[in-house]
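K.L.:
Have a look at the structure that comes next, please.
The values are calculated or read from the model by the stated rules, or taken from the named source; none is laboratory data. None of these values were measured; they are calculated from a predicted model. When we count neighbours, we look across all protein chains shown, and the Cβ atoms used for this are built from the backbone with ideal geometry, even at glycine. These area figures cover heavy atoms from the full protein model, side chains too; ligands, DNA and RNA do not enter into them. Shrake-Rupley method; radii C 1.70, N 1.55, O 1.52, S 1.80 Å.
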Amino acid sequence: MEHNPGNAAAAQTPVRLDEVDRKILSLLQEDASLSLDQIADRVGASKTPVWNRIRKLREGGVIRRQVAILDPEALGLEACFFVLVRTAEHDKDWAARFLKALRERPEVIEAHRLAGDIDYILKVQVRNARAYDRFYQSLIAEVKIHNVTALLSMEEVKHSTALPIPDAAG
């Protein structure tokens, strides 16, 4: 399952979090496999209130889902490309075809629509340059793209799935 943001999510009002909520979220972002007992112990509360807080955070959309984070190199996916896409097409039909093409390709692990000269940036995780070329050839055969620039990441210097959790002041 992947995140598919919509207009409603962009307009959502941030949830108010107290210090215990922030501690719970920090712990879960670091290790979502912690037991309820471990979380309760670390935040200094009993299990039932902690469980109720986690449930409310899920229901409020703060916690989307829990996943296992895999090591790409352990799976033989050693090449990470950042792909800059410029298009001359900006109509809804083209965008729908392009987004469908991206969603159907598991090697596209992130895609963002941008402001500025570049229309989209993709993060593509593949085995090697040949695998990237197969991806690229397949994509341009399906969707007309004006210009594509692929940048090979030589080294990942920081990777985190943990979001900064704002304090009460903002």
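K.L.:
Of 142, 73, which residue is closer than 30 Å to residue 26 by Cβ and of a type in the set (Asp, Glu)? Can you show your working first?
P.N.:
Values: 142 fails: closer than 30 Å to residue 26 by Cβ.
Sole residue among the options that is closer than 30 Å to residue 26 by Cβ and of a type in the set (Asp, Glu): 73.
K.L.:
A further question follows. So which residues in the stretch 113-158 are part of a loop (DSSP other than H, G, I, E, B) and among the acidic types (Asp, Glu), if there are any at all?
P.N.:
Hits for the stretch 113-158 are 117, 119, 155, 156.
K.L.:
When the residues of the stretch 47-73 are filtered to those that are assigned to a loop (DSSP other than H, G, I, E, B) and within 15 Å of residue 18 (Cα to Cα), which remaining residue is least open to solvent (accessible area, probe 1.4 Å)?
P.N.:
60
K.L.:
Moving on to the next point. Considering the stretch 103-127 alone, what residues qualify as being open to solvent by less than 50 Å² (accessible area, probe 1.4 Å) and over 23 Å from residue 154 (Cα atoms)?
P.N.:
119
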